[in-house]
Amino acid sequence: MRHGAQKDISMDYFKNVSYFISHIFLMLYIYSFATHHYTKKKTAGICAASCLLLTLTDFLKLSLFPDSGMCYIAVTLLQIFVTQSTGILISRTRDNRVLFMSLSASNYCLTGSISSSILHIYTGNAWLSLTGGFLIHLAILLILYSRIREIWLKAYEGQTTKIWWELCLIPVFFYCGFSFLAFFPYTLYDNPRNIPGVTIFMVTMFVSYVTVFRYVKSESDNAGIYLKNVLFESYIRGLESQYYLVEQSEQNLKILRHDMRHFSNMIDSLLTQGEYTEIRKITAHINEVADENKLKKYCENIIVNSILSEMIRKAAALAIDVRLDVIVPRNLPVNDYELALVTANLLENAINCVKDLKETAKTIDVKLRCGQDHLLIQMKNPYEKEILFDSVTGLPKSQKGKNHGLGMQSVSAFADKTGGNIGCFCEDGIFQIMLFAKFQVIL
């Protein structure tokens, strides 16, 4: 009897320690694979608090009420809620992508926990099993961190939200499968014959995740290629527009130079006659021609300037008045092409919003300031049709259906990449969107 009691205590100790190790690695997964909404210190504190709560609730179902199925189910549901809430709370992008990541992290930890139990069943040595489980946890985390983390973080950029709701079903079903095969209502200790099946199930899970991440990477690459093509198309159009303006200006200035001899003779003749008013008209005409053929330079950065030139030309063709307040230096702390693409997307959205309004309302205010320590993009325009906002991102969403709205996705991805914030609202018939990012200056 005494020996049996000691054995039960030893088993409880083993399970509690094994679960504690799993919870530590679970929070390490979530911490490593989430884009942080808070500072690293605060994020680590939230993860540590969640780990402690999970450990305390484990004590309830494993030690205090080990024979209560109702307690096991209630505590497990609470732990699932705590785990998924932690991922959503600490992540900058609080959407279904984070849910997929947190659910997947739970499955990775279940793999380590199940491996520890299998080792314990075959060896009967608690310390050897806990050490083996710890090493398996660590190996999985290091492999995922080195091979998948970069792919996963890129998946945050430019991905539609619908696909992730569907992908979330994969970790959900794997989690349910592991739970019923290895933990409830019968454990692997009760049915060790399930061990080969559970092992194959774990291998199947990892193979499935390899396929999923290859698909995600492919989709991310395709979206990136599409967005780059859109950017270069706009850039090329901008350069073509500037080239045409240069050619036209050169031709007009050649004509002006050719006519200067005649203007000079006319001025000499008018001076003799004392017709100063006519002379002023001639000089005003010469100045007007020179000003009309002067190339417009909106900013110092040639890439952003070419995009602005193309977008202003497009707006002018629709009789839209674009009021610019732009200061963008030649050398930027961000990628020139990405900034140009974001500017083009926001300006194009504004053009589409006002193009059908009455002529007096066709106005867009653009403020673009980029320094070494900050970036500010602010656009205002009137609107009449209802603007729909995405419930997850809070940004305007396209009403044109599938394969539209990539512009706002690229803007959101750019904000995430630069550590910036996006805000937009409608007030008194004016839509306003602003992107602000503050950069760390290295002295």
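Give me, ordered by chain and number, the residues 5 or more places off Phe431 or on other chains with an amide H under 5 Å from its own placed amide H.
Asn381, Tyr383
For segment 90-99, take each phi angle, set θ = phi - 60°, evaluate the Karplus expression 6.51 cos²θ - 1.76 cosθ + 1.60, and give the result in whole Hz per residue in order, putting x for glycine and proline.
8, 7, 5, 9, 8, 9, 5, 5, 5, 4
Ranked from highest to lowest mean number of other Cβ atoms within 10 Å per residue, what is the order of the peptides 303-314, 270-281, 333-344?
The peptides rank, most packed first, as 303-314, 333-344, 270-281.
Taking amide H positions as placed in the peptide plane 1.01 Å from N, state which residues far from Asp390 in sequence (5 or more) or on other chains have amide H under 5 Å from it.
Leu395, Lys397
Once phi is turned into ³J(HN,Hα) by the Karplus curve 6.51 cos²θ - 1.76 cosθ + 1.60 with θ = phi - 60°, what whole-Hz value does each residue of segment 100-105 show in order, with x for glycine and proline?
Using θ = phi - 60°, the values come out as 4, 5, 5, 5, 5, 4 Hz.
Tally Lys/Arg at +1 and Asp/Glu at -1 over every other residue whose Cβ is under 10 Å from the Cβ of Thr418; what's the total?
0
So between Leu142 and Lys358, what do we pick up on full extension, going 0.36 nm a residue minus the alpha carbon distance?
Numbers: separation 216, 0.36 × 216 = 77.76 nm, distance 5.99 nm.
Extra length from Leu142 to Lys358 when fully extended: 71.8 nm.
Quote the relative contact order of segment 2-229 in percent (integer), defining contacts as alpha-carbon pairs under 8 Å separated by 6+ residues.
For segment 2-229, the relative contact order is 22 percent.
Would you please give the residues with an amide H less than 5 Å from that of Ile327, counting only those at least 5 places away or on a separate chain, with H modeled from the backbone geometry?
Under 5 Å from the amide H of Ile327 lie the amide H atoms of Leu368, Arg369, Cys370, each far enough along the sequence or on another chain.
Under the 0.36 nm per residue contour assumption, what length would be gained going from the current alpha-carbon distance of Arg280 and Ala316 to full extension?
Extending this stretch completely gives an extra 9.8 nm.
Among 182-192, 44-54, how do they line up from the highest to the lowest mean number of other beta-carbon atoms within 10 Å?
44-54, 182-192
Beyond 18 Å between alpha-carbons counts as too far, so tell me which of Lys297/Lys358; Lys367/Lys438; Lys314/Lys355; Lys362/Lys397 fall in that bin.
As for pairs spanning more than 18 Å Cα to Cα, those are Lys297/Lys358; Lys362/Lys397.
Could you rank the peptides 18-31, 79-92, 374-387 by their average count of other C-beta atoms within 10 Å per residue, with the highest value first?
Answer by packing, highest mean first, reads 18-31, 79-92, 374-387.
Grab the other residues whose beta carbon is less than 13 angstrom from that of Arg330, score K and R as +1, D and E as -1, and report the net.
My count for the surroundings of Arg330 gives -1.
Quick one: what are the phi-derived ³J(HN,Hα) couplings along segment 336-352, Karplus 6.51/-1.76/1.60 with θ = phi - 60°, whole Hz, x for glycine and proline?
Whole-Hz 3J(HN,Hα) from phi for segment 336-352: 4, 5, 5, 5, 5, 5, 4, 4, 5, 5, 5, 5, 5, 4, 5, 4, 5.
I need the calculated FRET efficiency for the pair Leu153 and Lys42, taking r as the beta carbon distance and R₀ as 22 Å, to the nearest 0.05. Write out the running numbers ahead of the final one.
On the way: r = 20 Å, r/R0 = 0.91.
The pair Leu153/Lys42 has a calculated efficiency of 0.65.
Every number here is computed from the coordinates shown, using simple stated rules; none is lab data. Computed from a predicted structure; not experimentally measured. Note that each Cβ is placed from the backbone with ideal geometry, even for glycine, and that neighbours are counted across all protein chains shown.
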